[in-house]
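The values are calculated or read from the model by the stated rules, or taken from the named source; none is laboratory data. Just so you know, these numbers come straight off a predicted model, no measurement behind them. Cβ placement follows ideal geometry from the backbone for every residue including glycine, while neighbour counts extend to all protein chains displayed.
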Amino acid sequence: MATTQSIGGNLRHIVAGHWWILLVRGLAAMLFGVLAFVWPGLTLASLVLLYGAYCLVDGIIELTGGFGGGFWQALILGVVSIFAGIATFVYPGLTAMVLLFLIAAWAVVRGIFEIIVAIEYRKVIEGEWMLIGAGLLSIAFGVFMFLYPGAGALSVVWLLGIYAFVFGALLTALSFRVKSFA
């Protein structure tokens, strides 16, 4: 029993030491969400570039700051995000439909792994429901995009903005909760 508690304590310390990663990811997502609302008339090319930049930053942050014990999740999430970001730059002429499916797939994969991480850390951190909420929101957003791909570019920008802002707010709130563990 003491070994389990010491492992949990060590993992809690490691997670608390990386609270700022959740904060940066959350703030970046919220900034992306706000920009989507400030410039709703973005052309598809601008949306592709903005989305690509966000995915690259998110993936790099994920790879450089993966939590101890959750390395494989951080590696997969980081690689998926970086791949999505690079794909948007390599193929800037993507049609709206392909971009929607790319965003939808990314959101579903990201959501699944956010939930896995939350479940894995449920005994170590308090407030894991926020990460589960962020994961469920990602999955719901991705499924919606798969089901309704014909939505107009403006509604896509707004949906993506709402999703990014709420997702970012949940990660930001979780970062402060995790910081309190230190």
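Could you identify the single residue in Gly26, Gly52 that is modelled with pLDDT of 70 or more, crowded, with 16+ Cβ neighbours inside 10 Å and within 30 Å of Val124 (Cα to Cα)? Quick ask: steps written out before the conclusion?
Values: Gly52 fails: within 30 Å of Val124 (Cα to Cα).
Of Gly26, Gly52, the one residue that is modelled with pLDDT of 70 or more, crowded, with 16+ Cβ neighbours inside 10 Å and within 30 Å of Val124 (Cα to Cα) is Gly26.
For the range 155-178, indicate whether the set of residues that are of a type in the set (D, E, K, R), at pLDDT 85 or above and within 24 Å of Leu50 (Cβ to Cβ) is non-empty. Steps first, answer last, please.
We begin by selecting, within the range 155-178, every residue of a type in the set (D, E, K, R); these are 177.
Adding the requirement that they be at pLDDT 85 or above leaves 177.
Now restrict to residues that are within 24 Å of Leu50 (Cβ to Cβ): none.
Looking for residues that are of a type in the set (D, E, K, R), at pLDDT 85 or above and within 24 Å of Leu50 (Cβ to Cβ), one finds none in the range 155-178, hence no.
Which of the residues spanning the range 97-126 are surrounded by fewer than 16 Cβ atoms within 10 Å (Cβ to Cβ), outside any helix (DSSP H, G or I) and out of contact with any Asp or Glu (no Cβ under 7 Å at 6 or more places or on another chain)?
Lys123, Glu126
Could you tell me whether any residue of the range 73-92 is over 14 Å from the mean Cα position of the chain (by Cα), more than 23 Å from Val157 (Cα to Cα), of a type outside the set (S, T, N, Q) and buried (at least 20 other Cβ atoms within 10 Å of the Cβ)?
no
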